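No lab work stands behind these numbers, since they all come straight from the coordinates. Note that this is a predicted model, so its numbers are computed, not measured. Methodologically, a virtual Cβ is constructed for each residue, glycine included, from the backbone with ideal geometry; neighbour enumeration extends over all protein chains shown.
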Amino acid sequence: MNNATHRLDLSSHPRYDLLEGPTPIQPLPRLSAHLGGVNLFVKRDDLNGLGGGGNKLRKLEFLLGEALAASADTLITVGARQSNHARLTAAAAARAGLQCELVLTRAVPRFDADYLENGNIVLDDLFGAHVHDLPGSANALEFANARAEALRAQGRDVYVCPLGGSSPVGCLGYAACAAEILAQSQALNTPFARIVVPNGSGGMHAGLVAGFAALGVDPQLVQAFTVYSKADHARANTLDKANATARAIDAALTIEAPAVVIDESQLGDGYGIPTDSMREAVRLMASKEGLLLDPVYSGKAFAGLIADVRAGRHAPGDNVLFVMSGGTPGLFAYRSAL
Ligand SMILES: Cc1ncc(COP(=O)(O)O)c(C=O)c1O
């Protein structure tokens, strides 16, 4: 990946500053030695400062840019009860002086007090968001759009963020991250043979694919583990989002299906449902490196990376980068599952 020379110009897209600059790339020496075979690195997107940190802040920079350009005074978004995206939307709204409403469904079959009231829910409340608590069967986006109309009728200017913040505008945050990773890889003189990410609503993956394509780097470099939907659905959804993001960067840029590499092996029984390999991954990362994965996204994706290293699916000596996407409040919500 070190030979790319293209530049990515996103300056025409409004952006509201929520980050402190590039997040570090760090080696994982103990875990690499423990697993053997490859050199593991992490991109610390969990270290983004606002609201407990995490990958969604990159998307929210562009989403808030668009919202503020449209003079919004209120943000509404949707998600599961323990949505990290919802929590960070609430934090970003607080930072920007906007009101925030979260439409959260009980779509994940966990009904213990920690899941329902701890973790992200505690923080949503601290950030001043108004939470709408909906059953698992509810259509959250429909509810959000109806609520937006009702608020508009009262004179408010409302911006609705989609699930996971993964509109083409939101995905630009991870296109920018692709350029950041490329620059760091060149500065560290460390070419990465693989970049591993979780795929939920697909925006992080789609943004990286579009960004690398725009930079002249083969997007197949990125490998995602789906944690939300079956691989066929995740592939189609991510390809659509990658193409919409690519068009927002450069009207002539298109992404072909093989560019989107998605593995379904860590989905288990479904979104938000713990697996034994996730538990092992969370514990291994914590006990060998002192770093925190989350139970819903990064824990499952890192479990996939561990399985691939053990199965010899990476060439010996390869540098493999894992994007730490945050979500640590989820550890408290999943206390009984760890
Ligand atoms: C901690 C964490 N990691 C990864 C993801 C997945 O990102 P995306 O929804 O863009 O696929 C999410 C999404 O909510 C998340 O909260």
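Per-structure values
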{"quantity": "Farthest toward positive dipole pole in the chain [+1 Lys/Arg, -1 Asp/Glu at C-beta], among TYR228, LEU60, ALA244", "calculated": "TYR228"}
{"quantity": "Percentage, to the nearest whole number, of Cα pairs in the range 128-279 over 21 Å apart", "calculated": "53"}
{"quantity": "Average Cα contact separation per residue, the range 56-164, under 8 Å, 6 or more apart, as relative contact order %", "calculated": "36"}
{"quantity": "Distance histogram for the range 56-164 (every C-alpha pair counted, 10 angstrom bins, percent rounded to whole numbers)", "calculated": "16, 50, 29, 5, 0"}
{"quantity": "Dipole moment magnitude, nearest 20 debye, the chain about Cα centre, only Lys, Arg, Asp, Glu C-beta charged", "calculated": "400"}
{"quantity": "Residue-count net charge about ALA231 - beta-carbon cut-off 12 Å; Lys, Arg +1, Asp, Glu -1", "calculated": "-1"}
{"quantity": "Point-charge dipole on Cβ atoms (K/R +1, D/E -1) for the range 56-164, about Cα centre, debye to 20", "calculated": "220"}
{"quantity": "Those trypsin sites (Lys or Arg not before Pro) in the range 226-266 that DSSP places in a loop and that have at most 13 other beta carbons within 10 Å", "calculated": "LYS230"}
